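Following: one structure in structure tokens, then a few remarks.
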Amino acid sequence: MKDLTDLALDAASGQGAEYADIRITRYNYQNIFARDKIIRSISESESFGFGIRTYYKGGWGFASSNVVTKEEIKKIAALSVQIAKASSASVKTIVPPAPVKAYVDNWKTSYKKNPFQVPIDKKVAVLLATNKEMLKVQNVIRAVSDLGFESEHKYFASTVGSYIEQEIMRTNASATAIARKKGEVKTRTYQVAPLNIGYEHIEAVDIPGNAKRTAEEAVEHCMAAKGPVGKKDIILSPSHLALTIHESVGHPTELDRALGFEADFAGTTFATPNKLNKLKYGSEIVNFICDRNQPHGRSTVGYDDEGVKTGKYYLVKDGVFVGYSTTREFAPMIGEKESRACAYADSWSNVPILRMANTSLEPGKKGSPTLEDLIADTKDGILIDGMGSFSIDHQRNNFQFGGDAFWEIKNGKKTRMLKEVTYQAITTEFWNSCDAICGPEFWEQQGVRSCGKGQPMQRGQMTHSSAWARFRNIEVGGAQK
Amino acid sequence: MILSKEETKKILEGVLKLCKADSAQAGLSGSEEQLVRYANNMVFTNLSKSTMNLGVQVAFENKKGNSSTNQFDEDSLRKCVQRAEQIAKFAPPDPEFLPPLQPQKYKKIKAFIKDTAEISPEEKTRKVMDIIEHGHKKEMNLFGTFSNSASFFAVANSKGLFGYHKYTSANCTTTARTKDGTGSFRATKDNRDIKKLDAFIVGKEAIDRALKSRNPKEIEPSDYTVVFEPEALADLILFMYFFIDARAADEGRSFMSTKDGKSKLGTKVFGENVTVKSIPDHPDLLAFPFDNEGIPSQEITWIDKGVIKNLYYSRYWAKKKGKKPSSFTGGIVMEGGDATMEELIKSVKKGIYVPRLWYIREVNPMTLLLTGLTRDGVFLIEDGQLKHPLLNLRFNESLETVLNSITMMTKPEIAIGSEWELPMLVPGAKVKNFTFTSIAPSV
């Protein structure tokens with residue numbers, strides 16, 4: 001590949017580019033989808049191509065193609081520089097991108113079993129066994145399950161002298177039961193964490209073994225009492241918190257949003273640079289850490305799509321807002337000297353954009369309450385598990401979340417299942433109401449596989465980990481009329 | 001990459017010849033897309049993308065496999081077919097499999113405009129800079145995009161079916177924000193013909209309306225009469241996609257199912273003034289002439305004067321139920337009324353004017369209860385006049401209630417919602433008792 005990447009960089013430099021990088025990437029996908037006792041789809045696909053990004057007098061250009069030949073690479077490099085020159089005409093003040101070191105390296109996701117080498121019939125058996133177990137439960141009218149695998153093999157080279165090869169492996173699965181009883185239709189999902197890992201993940205999470213419980217809870221959900229309206233304490237599971245963290249912490253602390261660069265689409269943020277090191281984002285026990293080296297994290301890589309080495313950083317420390325996710329383009333705009341390696345493109349065809357890293361709520365210290373302690377210590381509350389309805393405003397202040405399953409907590413006991421529960425809050429008020437986080441033994445990885453951002457829109461994937469946590473006096477049931 | 005009909009046919013016929021399976025279907029698509037994106041009065045992303053993709057589905061009796069590739073040398077095409085055939089051999093039988101369609105006739109929808117395909121990055125950037133310059137003069141911060149694309153897609157199968165369609169799109173958006181951060185507005189336009197798209201006018205509208213929206217005030221969340229601009233109503237109407245499936249209705253797991261699990265097809269669910277159709281060849285929309293299986297697009301009335309007239313039937317479900325299979329290829333048109341937007345506002349004693357919605361999600365799919373927020377340019381209406389700008393609000397409201405509470409409408413016009421870039425023809429509407437539940441202190 002070095003001959004092709006050198007050709008691109010030489011061609012871009014020859015056209016006047018002050019900086020250029022190229023990613024040549026091959027993606028392979030396998031997806032299997034089962035509905036009831038039928039395998040509805042088995043598909044394999046490959047996508048191969050390259051994108052060249054160039055910089056000229058403060059302006060950026062990007063061009064990409066699926067035709068990976070020397071002639072096309074030269075043509076696309078020239079087009080990228082032509083575009084960068086057109087962009088530079090609009091630049092009034094040049095803010096050069098943050099410097100990056102040159103790296104020559106290979107990096108690979110750590111996994112044991114290559115999912116693409118596991119026979120298809122073995123995977124089909126997992127899904128059919130799952131659906132069969134779900135359909136055995138009376139009043140379950142539909143069972144759907146799926147497995148998905150992605151491999152991304154990427155060569156990156158840049159004019160600073162980097163040559164980086166990375167192989168990323170992604171594995172995901174889910175299983176959902178739909179039940180119908182007494183005129184109510186409800187679902188319950190066994191939410192398997194999407195991770196960068198091999199097939200061993202599918203074996204470890206035992207999807208068929210969780211099918212019966214999942215289906216029974218779908219039926220119970222149909223019979224559940226309607227959730228209350230008013231202020232309640234809520235206890236949230238890691239599989240639920242993942243989305244709350246994503247929407248109310250990950251996005252607001254993306255520097256491109258803070259500087260207005262997403263104002264036309266995804267929105268901006270309340271967490272503006274003047275609030276750095278001042279804003280009390282959450283209570284003192286709340287710490288959010290980003291880590292693109294987290295084992296098996298969905299955004300875990302060795303280097304980002306600008307060739308910056310990945311690492312760890314805090315967004316919120318002891319409740320105080322202390323940092324942003326950044327890229328080379330945006331970090332210098334707030335005086336930072338280096339990028340935090342958050343550039344990511346979802347395809348060879350797309351330009352890298354700023355993406356939140358794996359963003360985790362740190363667990364409580366040793367000796368923190370267990371889930372049982374939290375429940376026992378809650379008089380009037382609701383326990384929420386799994387992801388459901390979610391909506392948040394464009395500056396990430398006002399949010400409303402549902403969930404996948406809900407249980408009432410009365411006088412320290414988990415009593416009965418509830419339905420139609422939502423909670424609504426202002427982000428900082430919500431995180432400041434967090435009064436307990438379970439310890440490291442309850443810490444769990446969950447994540448998001450399809451986060452839309454950018455124009456043209458791209459799909460982001462990242463892990464959000466946490467332990468169970470409790471939030472006091474939260475407005476619930478506002479969606480009910 | 002854009003291929004001609006002849007080039008496309010040659011590739012697809014070649015691919016089908018490689019297939020040893022009992023039946024096969026292949027789809028080929030490609031595009032050339034360019035976009036200029038600006039923020040804080042400066043271009044920051046400017047790109048060009050060229051892609052092409054082949055998808056193949058083969059079947060041995062009713063055992064099927066799917067494969068796709070974006071590489072078009074002989075070896076890659078052969079491997080793509082072999083991969084699909086290998087999968088099919090391992091796949092369990094699918095009792096719902098139907099063999100490919102016989103050849104079909106398609107309407108010609110002329111949606112490819114040469115000028116749209118050929119505009120240069122320099123010309124688009126110049127147009128963007130004209131808007132930015134105007135923003136500078138007005139002391140505004142501008143954010144937005146100007147994009148154009150040319151695309152094609154084709155479908156062919158082992159029964160001899162072949163369809164080819166080529167189209168272009170152009171789109172510009174501007175979000176104008178006042179420097180003090182208290183005013184914001186987004187304007188957008190979309191057209192297949194870039195010559196009919198005046199990016200400067202779009203930018204100017206965003207600036208003018210952002211200036212008017214400065215210093216919004218709070219209002220107590222409650223039920224209000226709301227006047228929706230077409231863009232806002234379009235975002236709500238799009239949720240129709242989630243309830244028109246006939247099978248889900250028949251199986252009792254949709255909003256279109258009654259409490260005892262039967263389909264609501266043929267029953268009156270919405271107000272008499274609600275009629276929604278698909279008109280794929282409507283001259284203002286120019287949607288697709290066929291779907292990815294090769295089913296010809298059809299004009300379908302989904303909701304006729306509040307009655308559920310048609311639901312979407314997949315080929316399998318149509319066969320099982322003795323119906324004609326549907327295609328759903330866009331071209332959504334909601335009929336409107338004769339009032340103007342000014343007349344809608346004038347008719348409201350106290351209410352809220354909503355030009356745009358944001359982040360709408362289902363809270364309860366069985367009742368079509370939706371939540372979401374207003375975004376930009378919300379005003380209090382008092383005594384028939386726009387009184388002052390309002391802070392954004394969260395709503396929780398059922399689409400069923402909305403479509404039973406429309407009391408006045410404008411003529412439909414092209415509207416693109418905030419999250420899904422699908423042009424539709426939708427009217428502005430006055431809706432009574434729309435429920436807002438909390439304030440969103442975001443501009």
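Using Cα atoms only, what is the angle between the long axis of helix A:70-88 and the major principal axis of chain A, expressed in degrees (0 to 90) to the nearest 10?
80 degrees
Kindly express, to the nearest 10 degrees and within the range 0 to 90, the angle between helix A:2-14's C-alpha long axis and the longest C-alpha principal axis of chain A.
The angle comes out near 60 degrees.
What are the trypsin sites (Lys or Arg not before Pro) within segment A:313-357 that DSSP puts in a loop, where the Cβ has at most 10 other Cβ atoms within 10 Å?
Within segment A:313-357, the qualifying trypsin sites (Lys or Arg not before Pro) (loop, at most 10 other Cβ atoms within 10 Å) are A:337.
Can you sort B:136, A:296 by how many other beta carbons sit within 10 Å, fewest first?
If I rank by nearby Cβ atoms, fewest first, I get B:136, A:296.
Please say if segment B:220-333 is rounded, prolate or oblate, where rounded means a/c under 1.5 for a ≥ b ≥ c the square roots of the C-alpha gyration tensor eigenvalues, and otherwise the choice is prolate for a/b larger than b/c and oblate otherwise?
oblate
When we measure straight from the Cα of residue B:346, which aspartates and glutamates land under 12 angstrom away, once same-chain ones fewer than 8 places off are left out?
B:382, B:383
Among B:149, B:67, A:432, whose Cα sits farthest toward the positive end of the charge dipole of the protein assembly as shown (+1 at Cβ of Lys/Arg, -1 at Cβ of Asp/Glu, about the Cα centre)?
Final value for the positive-end residue is B:67.
Identify all aspartates and glutamates with a Cα-Cα distance to residue A:419 below 17 Å; exclude those on the same chain that are fewer than 8 residues away in sequence.
A:184, A:216, A:217, A:220, A:233, A:380, A:385, A:404, A:408, A:475, B:362
Please report, in cubic angstrom per residue, the volume enclosed by the convex hull of the alpha-carbon atoms of the protein assembly as shown.
149 Å³
Cut-off is 10 Å between beta-carbons; in what order do A:142, A:449 appear when sorted fewest neighbours first?
A:449, A:142
Over all directions, how big on average is the projection of the convex hull of the alpha-carbon atoms in segment A:413-463, in square nanometres?
6.6 nm²
Name the lysines eligible as straight-distance cross-link partners of residue A:57: C-alpha to C-alpha under 16 Å, and not fewer than 8 places from it in the same chain.
A:85, A:92
Per the Kirkwood treatment, what hydrodynamic radius in Å, one decimal, follows for chain B from the mean inverse distance over all distinct Cα pairs?
Value: 23.9 Å, from the Cα pair sum.
For the pair residue A:72 and residue A:105, what calculated FRET efficiency results from E = 1/(1 + (r/R0)^6), where r is the Cβ-Cβ distance and R0 = 30 Å, to the nearest 0.05?
Using R0 = 30 Å, I get an efficiency of 0.65.
Quick one: net charge around residue B:231, please, counting Lys, Arg +1 and Asp, Glu -1 for every other residue with C-beta under 13 Å from its C-beta.
Counting the neighbours of residue B:231, the net charge comes to -3.
I'd like the orientation of helix A:207-223 relative to chain A: the angle between its Cα long axis and the longest Cα principal axis, in ° from 0 to 90, rounded to 10.
60 degrees
Beyond 30 Å between alpha-carbons counts as too far, so tell me which of A:278/A:413; A:123/A:312; B:105/B:277; B:107/B:262; A:231/B:387 fall in that bin.
As for pairs spanning more than 30 Å Cα to Cα, those are A:278/A:413; A:123/A:312; B:107/B:262; A:231/B:387.
Rounded, prolate or oblate: which fits segment B:184-269, taking a ≥ b ≥ c as square roots of the Cα gyration tensor eigenvalues, rounded meaning a/c under 1.5, else prolate when a/b beats b/c?
Here segment B:184-269 falls in the oblate category.
Over the C-alpha atoms of segment A:62-119, what are the Rg and the largest Cα-to-Cα span, Dmax, in Å?
Cα radius of gyration and Dmax of segment A:62-119 are 19.0, 57 Å respectively.
Once amide H atoms are placed 1.01 Å from N in the peptide plane, what residues at a sequence separation of 5 or more from residue B:393, or on another chain, have their amide H within under 5 Å of its amide H?
B:374, B:440
Grab the beta carbon distance between residue B:6 and residue B:73, set R0 = 30 Å, and tell me the FRET efficiency rounded to 0.05.
Rounded to the nearest 0.05, the efficiency is 0.90.
Of all the Cα-Cα pairs you can form in segment A:68-188, what percent are over 17 Å apart?
More than 17 Å apart: 76 percent of the Cα pairs in segment A:68-188.
Rg to Rh for chain A: what is it, with Cα atoms only and Rh by Kirkwood?
That ratio equals 1.00.
Can you figure out the FRET efficiency of residue A:457 with residue A:212, using R₀ = 56 Å and their beta-carbon distance, to the nearest 0.05?
0.90
Considering the convex hull of the alpha carbon atoms of segment A:298-431, report its projected area averaged over all viewing directions, in nm², one decimal.
Spelled out: convex hull of the Cα atoms, projected over all directions, averaged, 11.1 nm².
Could you please rank A:248, B:263, placing first whichever residue has the fewest other Cβ atoms within 10 Å of its Cβ?
Sorted ascending by nearby Cβ count, the order is B:263, A:248.
Pop out the ³J(HN,Hα) list for segment A:90-95 in order, Karplus 6.51 cos²θ - 1.76 cosθ + 1.60 with θ = phi - 60°, rounded to Hz; leave Gly and Pro as x.
Using θ = phi - 60°, the values come out as 8, 7, 9, 10, 7, 10 Hz.
Read-outs: derived from the displayed coordinates by stated rules, not from any lab. Every value quoted in this text rests on a predicted model; they were computed, and no experiment measured them. Glycine also receives a Cβ, built like all others from the backbone with ideal geometry; neighbour counts cover every protein chain displayed.
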